[in-house]
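What follows is a short report on a single structure.
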Amino acid sequence: MKWRQVAAVLLLALCGAAMLPLQGRLASAAQAAHFRKTSLDIGLRERIGQAGFLAALSGFRSPLAAILWIEAHSAWENTEWGRMAGLFDTVTTLQPRSLTYWDMASWHMAWNASIAALQNEKQPSEALRIKAQREYIHLGRDFLERGIKNNPDRYQLYLQLAVLLRDKLEDHCAASESFAKAASFPDAPSYAARFAGYELAKCPGRERDAYEKLRALWVQGEKQRLPSLINLLRDMEIRLDIPADERIDSTPAFRQN
Amino acid sequence: MRLAVVVWAIGRNTLTDLVRQKVFYFLLIFALLVIGNSAFIAKLSFQEQFQMLKDISLGAMSVFSSLLAILATANFLPKDMEDRTIYTILAKPVPRHCYLLGKLCGILALLAIAILLMSGLFLGVLWLGESTALAETRAQFASASPEDLALAIKEVTASTFNANLLPGILIIFIKAALLASLTLFISTFATSSIFTILMAVALYFIGHLQATAREYWLSGVDVDWWSRLLTAIVALLFPDLQAFNLTDDIIAGTAISLKLFLGTAALGGIYIAVYFALSAFVFSGREL
């Protein structure tokens, strides 16, 4: 090796050393901004194989995730629910910041797979069919909860989790909390806060709290005063025995309407 | 000024030469991938369709630009020596570093044109998809309240184009430029283009592990001395290519801050400058 080549390698090492602080700072800034959060560990290596792992390591996580998603779609067409769950797990590990993947994976598990399990003609025991149904619903919930852990800065998955808790598990207290969490984001749709109140009204022991929250929404103005909100408030005023002069019908704002 | 004219002339000739080699034919494969992908995934929901389109298109853009950077750069020095054009150029008052800079500029221009064309095609297909999805949404929500319609439209537009895709595409270009510069450095001491290509591809993969090696080395984990030495060598001698893999998360909707983008671009710029300076240093003493 000629002296110039040796000197070039040494200079390269010197430049590499000088660049270490910048590389470290950039890596920290990227992590703080939710970039490069995928953990490419041995578990993922086993699931996607050597070639897939090499592709993921080389910066082709998203195309690999897309290909596996299409494979999961084919599995759906063949109603291979177990295989789908495994593929969804891999796709969401590869692309943890994609809301679409978490949301769709949860929907497939909690809605499609759970219904299919309940209607499974090959399983004669109804108890086992119901058990399988619950397991798929919980799998759907698990996808959303893991999705939220990876995307705590976005409201969409909180909304989906709230819908699942409300419609599939009928856990109105938890659904209310999740809707409220979604509503706390500035870009969340206005219905999130209303839905948090509706669910809280169905949470045993929290009716008074729900009434206060729904009334506060009603006070906010026309945008929140939808027939469902007004009807629920009237109903709760009767149930909670709110004095007549404090009810919404007696307020000047209501009379103006 | 005279040197700038020389660099410009060599760069222009390099670009013309590369275009004559019909390298842009790969765009047909890219178009097939983007348009074919859109047709294939038509049965998915529109959020899934747009996610797939962005995943596949930007991934393909990254693959094609990296391949183009390595192959075009690895080929020029052996080819110029074989054709003897390098002797004609260097026999004139053209410094060797100007020759290399001109060649690199020509390759960077080729990469810029290729990425612009791919971006245009990708954004065009994305725009067409968005227009179709918006028209369908408007038809479905014709009798709904304006608030519901606005929400549905927001959902469609949020899953299609977002401004962060543009810095993402620029970072793909910077990464390709870095690879071109790295390949140029290898080619200055390589004896054949096959060796250069193999080395550049190997460095591409090792470069993606540099961040892991660096963290391992700097964390001071108590391991064998040779293991630490190996990670130190990887951390010091190889570029951190993972730093340029931001598009995966940008596609997923993560917003890139100006500070992060400028930091990444600056890192790319430093790498390009360092590899070019070392190429010029080695090439200036090479016997031709």
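The values are calculated or read from the model by the stated rules, or taken from the named source; none is laboratory data. On a predicted model such as this, the values are computed, not experimentally measured, just so you know. Methodologically, a virtual Cβ is constructed for each residue, glycine included, from the backbone with ideal geometry; neighbour enumeration extends over all protein chains shown. The protein model used for the area step is the full one, side chains on, heavy atoms only, and it has no ligands, DNA or RNA in it. Shrake-Rupley method; radii C 1.70, N 1.55, O 1.52, S 1.80 Å.
In the structure shown, the pairs B:Lys92/B:Lys175; A:Lys202/B:Lys154; A:Lys168/B:Lys54; A:Lys168/A:Lys202; B:Lys54/B:Lys175; A:Lys37/B:Lys259 are assessed against 23 Å; a Cα-Cα span above that value is assigned to B:Lys92/B:Lys175; A:Lys202/B:Lys154; A:Lys168/B:Lys54. Counting only protein heavy atoms and using a 1.4 Å probe, the accessible area of A:Tyr191 comes to about 70 Å². Available extension along the chain between A:Ser184 and A:Arg25 is 54.1 nm, counting 0.36 nm per residue and deducting the alpha carbon span.
Rounded to the nearest 10 degrees, the inclination of helix B:2-20 to the longest alpha-carbon principal axis of chain B is 60 degrees.
In the range A:84-111, what residues drop by 30 Å² or more in accessible surface going from the chain by itself to the full protein assembly, probe 1.4 Å? Relative to the lone chain, where solvent access is computed with a 1.4 Å probe, the range A:84-111 loses at least 30 Å² at A:Gln95, A:Arg97, A:Thr100, A:Tyr101, A:Met104. Shape of the range A:110-257 from its Cα gyration tensor (a ≥ b ≥ c, root eigenvalues): rounded if a/c is under 1.5, otherwise prolate when a/b > b/c, or oblate? Verdict is prolate for the range A:110-257. Taking every alpha-carbon pair under 8 Å whose residues sit at least 6 apart, the range A:38-153 reaches a relative contact order of 23 percent. Surface composition of the protein assembly as shown: carbon and sulfur atoms hold 63% of the protein heavy-atom accessible area at a 1.4 Å probe.
Placing +1 on the Cβ of every Lys and Arg and -1 on the Cβ of every Asp and Glu, with nothing else charged, gives the range B:69-161 a dipole about its Cα centre of roughly 720 debye. Please determine, in degrees from 0 to 90 and to the nearest 10, the orientation of helix A:81-94 with respect to the longest principal axis defined by the Cα atoms of chain A, where the helix direction is its Cα long axis. Helix A:81-94 sits at roughly 70 degrees to that axis. Using only side-chain charges placed at the Cβ, +1 for Lys and Arg and -1 for Asp and Glu, the dipole size of the range A:172-257 relative to its Cα centre rounds to 140 debye. For the range A:146-203, the square roots of the Cα gyration tensor eigenvalues, ordered a ≥ b ≥ c, give a/c of at least 1.5 with a/b no greater than b/c, which places it in the oblate category.
Between A:Phe35, A:Phe179, A:Phe195, the residue with the greatest mean-square fluctuation in the GNM of chain A (Cα pairs under 10 Å linked by springs) is A:Phe35. Cross-link partners for A:Lys181 among the lysines, with Cα-Cα distance under 16 Å and sequence neighbours closer than 8 places in the same chain left out: A:Lys149, A:Lys213. Once B binds A, the 1.4 Å probe can no longer reach about 4700 Å² of accessible area, counting both sides. Relative contact order of chain B, taken over Cα pairs closer than 8 Å and 6 or more residues apart, is 25 percent. Simple point charges give the picture: +1 on the Cβ of Lys and Arg, -1 on the Cβ of Asp and Glu, and for chain B a dipole about the Cα centre of about 1160 debye. If each Cα of the protein assembly as shown is one equal point scatterer, what is log10 of I(q)/I(0) from the Debye formula at q = 0.08, 0.12 Å⁻¹? Treating every Cα as an identical point scatterer, log10 I(q)/I(0) equals -0.66, -1.17. Could you tell me how far the Cα centroid of the range A:170-214 sits from the Cα centroid of the range B:239-288, in Å? Here the answer is 48 Å between Cα centres. With the cut-off at 1.5 for a/c, could you classify chain A from its C-alpha gyration tensor as rounded, prolate or oblate? Cα axes put chain A in the oblate bin. Heavy-atom accessible area with a 1.4 Å probe sorts A:Tyr136, A:Tyr155, B:Tyr25, largest first, into B:Tyr25, A:Tyr136, A:Tyr155. Ordering A:Ala32, A:Leu169, B:Gln210 by Cα displacement along the dipole of the protein assembly as shown toward the positive end leaves B:Gln210 in first place; charges were set at the Cβ atoms of Lys, Arg (+1) and Asp, Glu (-1). Find the relative contact order for chain A and round it to a whole percent, using C-alpha pairs within less than 8 Å whose residues are 6+ positions apart. Result for chain A is 9 percent. Principal-axis analysis of the Cα atoms of chain B puts helix B:26-40 at an angle of about 20° to the longest axis.
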